[in-house]
Amino acid sequence: MNKAILMGRLTKDPELRTTQNNISVCSFTLAIDRRFKNQQGERETDFIPVVAWRQTAEFAARYFSKGSRMALVGSIQPRSWEDENGERRYITEVIADEIYFADSKRQQDDNYGGSNYSNSSSSGSFQQPSEPKVGLEIPEGEGFMPEVDDTSLPFDL
């Protein structure tokens, strides 16, 4: 089984392109902090290259920008190519199947004018739910604490 679940922030705006066959492809990099601190007491960050195709690509390019927090589900895929000097190059990327907003509702309202959309189908098609939802948001009253206003926390998220 090859399944990757990631959550991080975009290092720059997603780059949307179109193939010769008119298929949308979007590439971006997620910065993901490691769970543990190193010997110097600092958290290291991994920069994971991601590629999304078709409607998922268009969704990412339209609704996300540098600094946005994103959650995604996909698969890990290595590929290789020959560069202009004839040298073999290798990269391992995550191919995104599902992309979700992971910013707080308040941050999304600020960034997207109050519109909350979720692209949650495995086929990668864009869906606008009848009731606005934020990816990975847990409803109150289901055994979880209500959303915390992170501006009052004594540390950065």
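The values are calculated or read from the model by the stated rules, or taken from the named source; none is laboratory data. These figures come from a predicted structure and were not determined experimentally. Don't worry about glycine lacking a Cβ; one is built from the backbone with ideal geometry, like all the others, and counts go over all protein chains shown.
A compact table of results
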item	result
Only listed residue being basic (Lys, Arg), surrounded by 14 or more Cβ atoms within 10 Å (Cβ to Cβ) and within 10 Å of the chain's Cα centre (by Cα), chosen from Arg62, Arg69	Arg69
Strands (runs of 3 or more DSSP E) within region 1-101 that include 2 or more residues without any contact (Cβ under 8 Å) to a residue 60 or more places away in the chain	15-18, 24-37, 43-53, 69-82, 88-101
Hits in region 21-48 - residues which are within 23 Å of Asp97 (Cβ to Cβ) and either of a type in the set (Gly, Ala, Ser) or surrounded by fewer than 11 Cβ atoms within 10 Å (Cβ to Cβ) (or both)	Asn21, Asn22, Ser24, Ser27, Ala31, Phe47
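Listed here are the residues, each with its yes/no results for (1) touching a Gly at 6+ places or on another chain (Cβ under 7 Å); (2) modelled with pLDDT under 95; (3) closer than 15 Å to Glu93 by Cβ.
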| site | (1), (2), (3) |
| --- | --- |
| Met7 | no, no, no |
| Glu15 | no, no, yes |
| Val25 | no, no, yes |
| Ile32 | yes, no, yes |
| Arg35 | no, yes, no |
| Pro49 | no, no, yes |
| Glu58 | no, no, no |
| Ala61 | no, no, no |
